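Taken together, the values in this text are just the output of simple stated rules run on the coordinates, not laboratory data. Please read all numbers here as calculations on a predicted model, not as lab measurements. Quick reminder, even Gly has a Cβ in these numbers, built from the backbone with ideal geometry, and neighbours come from all protein chains shown.
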Amino acid sequence: MTKIIELEIPEEILLAAQMDTQRMGNEMRKLAAFELFAQRRLSGGKAAQLAGIPRISFLLEAGRRGIEWLPYDTEELSKELQE
C-alpha cells in the first residue's frame, strides 16, 4: 500500500530552485530518506526504497554525505544486512 503526501510549495520556490514539481518531489523524497536514515528511524533498505534508488547506491551516497552507517552494534548490523 502506498500513501500520498501532499506538500504545498510556492511557485517562486520552484523557480528559485530551478526545478519542476516532479524534480522537487523526487529531491524531497531523497532528502527525507537520508534524514530519516541519519536519525536511524529507517534502515538502509527502507530509506533506499523511499529514495527510489538501489540500496548500495543509497549507502554509498549516505557515506558521501557524511552519514555514518557502519557504527552499528551487532544486532543493528545483522538486521541491516538481512534486508
So which trypsin sites (Lys or Arg not before Pro) in the range 25-60 pass both tests, a DSSP loop state and at most 14 other Cβ atoms within 10 Å of the Cβ? R40, R41
Residue of A47, A33, A17 that the Gaussian network model of the chain assigns the largest fluctuation, springs spanning Cα pairs under 10 Å: A17
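Over all pairs of distinct alpha carbons, what does the Kirkwood formula give as the hydrodynamic radius of the chain, in Å? Write out the running numbers ahead of the final one.
Details: mean 1/r = 0.0713 Å⁻¹.
Roughly 14.0 Å, rounded to one decimal.
For R23 and S78, FRET efficiency with R0 = 30 Å and r from the beta-carbon atoms, rounded to 0.05? Before the final figure, lay out the partial values.
Working: r = 37 Å, r/R0 = 1.23.
With R0 = 30 Å, the Cβ-Cβ based efficiency is 0.25.
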For the range 19-33, Karplus-derived ³J(HN,Hα) couplings (6.51, -1.76, 1.60; θ = phi - 60°; whole Hz; x for glycine and proline) come out as 10, 8, 5, 4, 5, 4, x, 5, 5, 5, 4, 5, 4, 5, 4
Which one, I53, I5, L31, projects farthest toward the positive side of the charge dipole computed for the chain from Cβ point charges (K/R +1, D/E -1)? I53
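Quick one, what does Rg over Rh come out to for the range 1-43 if you take C-alpha atoms and the Kirkwood Rh? Before the final figure, lay out the partial values.
Numbers: Rg = 12.4 Å, Rh = 11.8 Å.
Taking Rh as the inverse mean 1/r over Cα pairs, Rg/Rh reads 1.05.
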Calculate, in nm to one decimal, what E11 and R65 gain on full extension: separation in residues at 0.36 nm each, minus their alpha carbon distance. 16.6 nm
Most mobile listed residue (L15, L42, L70) in the chain, GNM with C-alpha springs under 10 Å: L15
Let me spell out the model: positive unit charges on the Cβ of Lys and Arg, negative unit charges on the Cβ of Asp and Glu, origin at the Cα centre of the chain. What dipole size does that give, in debye rounded to 20? 240 debye
